[in-house]
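Right, one structure below, let's go through it.
The values are calculated or read from the model by the stated rules, or taken from the named source; none is laboratory data. From a predicted model like this one, the values you see are computed outputs, not experimental measurements. Counting neighbours? That spans all protein chains shown, and the Cβs are built from the backbone with ideal geometry, glycine included.
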Amino acid sequence: MRRFSSRNQLVTLNEINVTPLLDLAFVLLIIFIITTPLLEQSLSLKLPNGGEAKQTANASDVVTVEGTSSGEFRFKGRRIGGERELEQQLVNAYRANKNLVVRVRVEGRGPAQTLVTILDICRRNGITRFDLATEPASRH
């Protein structure tokens with residue numbers, strides 16, 4: 001007598017194919033590797049050493065102006081064409097908020113002209129509240 005097995009009818013899946021999951025993981029990894037540098041909105045500057053900072057202004061009143069030794073300016077993380085456009089952006093921000101504080105970030109080892117240019121633009125337009133960003137002093 002021949003026995004009929006129900007084994008063929010109830011085939012169970014013993015292994016899960018992980019190849020599509022690995023493909024998805026690698027695609028996501030590549031996407032994150034590509035987009036992470038784009039999320040960085042400030043310049044990589046070597047700031048001069050200084051004292052410890054004490055925040056006295058509201059965060060909504062502070063705008064950041066960055067300058068490199070090559071003459072490139074950024075206002076709120078966006079690249080600005082030149083001094084005139086930077087001045088216009090600062091004037092517009094100051095008109096919108098009279099409590100404006102300009103945080104100036106410039107390279108420490110670069111020429112001082114970039115810092116002087118930004119401070120001169122502020123002075124010409126009546127902006128008297130500014131903050132010079134520095135690296136915290138090293139503890140010995």
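For region 86-128, filtered to residues that are within 21 Å of the chain's Cα centre (by Cα) and assigned to a helix (DSSP H, G or I), the residue that is nearest to THR68 (Cα to Cα) is THR114. For region 6-51, the set of residues classified as assigned to a loop (DSSP other than H, G, I, E, B), at pLDDT 75 or above and of a type in the set (D, E, K, R) consists of GLU15 only. Filtering region 61-109 to residues that are farther than 20 Å from ARG129 by Cα, at pLDDT 85 or above and surrounded by 15 or more Cβ atoms within 10 Å (Cβ to Cβ) leaves only ILE80.
Please find, within region 129-140, the residue that is farthest from GLY67 (Cα to Cα) out of those that are modelled with pLDDT under 80 and in a loop (DSSP other than H, G, I, E, B). Among those residues, the one meeting the criterion is HIS140.
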